[in-house]
Structure formats: structure tokens, C-alpha cells
Amino acid sequence: MSVRRLAPDAIQPATFAFSDANLAWIDTLIAKYPPGKQASAVIPMLMRAQEQDGWVTKAAIEWTASKLGMTKIRVLEVATFYTQFLLAPVGSVAHVQVCGTTPCMLRGSDEIFDICRKRIHHDAFQISADGKFSWEEVECLGACVNAPMVAVGSDTYEDLTPETFNALLDGFAAGKPPVPGPQNGRHGAVPEAA
């Protein structure tokens with residue numbers, strides 16, 4: 001797992017602004033917190049910035065800090081701690097987060113990483129030649145019994161094999177993402193023999 005840093009200044013936009021609809025949503029969000037506790041809105045605000053622009057920019061971090069009355073470093077700490085926040089531009093179709101913890105490694109995540117290196121880009125956090133895909137290694141995605149697994153956006157794809165992972169990438173490329181969850185027919189996390 002690598003250190004999480006913001007994208008280089010050369011590709012950072014100079015400014016950030018939420019859409020009018022997102023500004024209204026943010027005002028409603030902040031109003032839910034008692035006086036003095038508005039900083040608790042930092043995670044949903046960063047997630048909304050990412051949903052709007054595809055990644056969390058330095059300007060979005062600065063805007064969020066100003067809106068919440070927080071220091072920039074505090075918001076940066078949040079953005080760089082959680083792997084759900086994408087700190088650089090990613091593929092336009094899918095950014096694949098591959099779990100690299102022990103259960104996934106024991107059940108074949110190395111093969112998933114190899115496919116990412118061959119089909120997307122040799123290096124993590126790089127966008128594929130067609131601009132559609134990117135990938136990274138993340139820590140536990142939370143379904144160890146269904147290892148190995150990946151996350152794409154808010155969906156997880158579990159019980160992967162090289163064949164099912166290749167099919168998953170093919171589905172995203174064709175605009176037909178597979179149904180999230182186990183990819184081997186298992187229901188949830190029931191034992192495979194059940």
C-alpha cells in the first residue's frame with residue numbers, strides 16, 4: 001500500500017465550486033449538526049465533491065475547510081486517510097480498488113493485480129490508454145469470507161477468479177457492469193458448499 005498524496009499541482013484545477021443543487025444539499029447537511037459540530041460533515045462533503053468532479057481536488061479540500069471552519073490540514077488528513085477518496089483523476093468508466101489484505105492474498109488477489117497490470121496499466125493510479133480504467137491496491141474491503149474482491153465505486157465484486165474478473169472488466173467496458181456481490185453464484189456470505 002502506498003502513501004496517499006494529492007495529485008501534482010500541474011493537474012490540479014485552480015478553483016472549485018459546487019453546483020447550485022450540491023450547495024443546497026450541503027446547507028441542508030450542515031444544518032443537521034449541532035452548533036460547533038459542523039466539522040462532522042467533512043466526509044459527506046468530500047464525497048459529494050468527488051461525485052461531482054470524479055475526484056477530490058486540492059481546491060475542493062480548501063473549499064470544504066473554509067465552509068466548515070476547519071484548517072486545511074485537518075480536511076487533508078481526512079481525504080488522505082480514507083481510500084474511498086480519489087486524490088487524482090481516474091478512469092472514466094471504472095476505478096478498480098483491489099483488496100490486498102491477507103485473506104484476499106491467500107485466495108488469489110495476486111492474479112487480480114496481474115490482470116490490472118496487463119489490462120489497465122502496469123502501475124497503480126495510472127489511467128489506461130483508452131482513458132476508461134484505473135486501479136489501486138486498498139486495505140480490507142470488508143468481506144473477507146468472499147475473498148478475493150474489488151470495489152468499483154460503491155459496489156463490491158467478490159469471490160473473484162481471473163475469469164470472472166476479466167468478465168467484470170469486459171462488462172464495464174461494454175457499458176454493462178455485472179451485478180455486484182459474489183461472482184460465483186454464492187448468496188451473500190453463506191458457506192460455498194451451502
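The values are calculated or read from the model by the stated rules, or taken from the named source; none is laboratory data. From a predicted model like this one, the values you see are computed outputs, not experimental measurements. Quick reminder, even Gly has a Cβ in these numbers, built from the backbone with ideal geometry, and neighbours come from all protein chains shown.
Candidates in the range 64-106 are the residues that are part of a loop (DSSP other than H, G, I, E, B) and hydroxyl-bearing (Ser, Thr, Tyr); of these, the one that is modelled with the lowest pLDDT is 83.
The residue list 155, 159 contains one member that is touching a strand residue (DSSP E or B) at 6+ places or on another chain (Cβ under 6 Å) and charged (D, E, K, R), which is 159.
Looking only at the range 15-35, which residues are under 23 Å from residue 77 (Cβ atoms) and in contact (Cβ under 8 Å) with a residue 40 or more places away in the chain? Result: 15, 16, 18, 26.
Would a scan of the range 45-54 turn up a residue that is in contact (Cβ under 8 Å) with a residue 24 or more places away in the chain, outside the structural domain of residue 153 (by TED's automatic domain parsing) and over 20 Å from the mean Cα position of the chain (by Cα)? No, every residue in the range 45-54 fails to be in contact (Cβ under 8 Å) with a residue 24 or more places away in the chain, outside the structural domain of residue 153 (by TED's automatic domain parsing) and over 20 Å from the mean Cα position of the chain (by Cα). Condition check for residue 48 on (1) surrounded by 13 or more Cβ atoms within 10 Å (Cβ to Cβ); (2) of a type in the set (D, E, K, R); (3) part of a loop (DSSP other than H, G, I, E, B): one failure, at (3). When residue 86 is tested against the conditions (1) assigned by TED's automatic domain parsing to the domain that holds residue 173; (2) closer than 29 Å to residue 184 by Cβ, the lone failure is (1). Among the residues making up the range 107-125, those that are part of a helix (DSSP H, G or I) and surrounded by 21 or more Cβ atoms within 10 Å (Cβ to Cβ) are 109, 112, 116.
Filtering the range 56-75 to residues that are surrounded by fewer than 18 Cβ atoms within 10 Å (Cβ to Cβ), under 22 Å from the mean Cα position of the chain (by Cα) and in contact (Cβ under 8 Å) with a residue 24 or more places away in the chain leaves 59, 62, 74. Could you check the range 126-164 and list, in sequence order, the residues that are free of Cβ contacts under 8 Å to residues at least 40 places away in the same chain and in a loop (DSSP other than H, G, I, E, B)? Answer for the range 126-164, where residues must be free of Cβ contacts under 8 Å to residues at least 40 places away in the same chain and in a loop (DSSP other than H, G, I, E, B): 126, 127, 128, 129, 130, 142, 154, 159.
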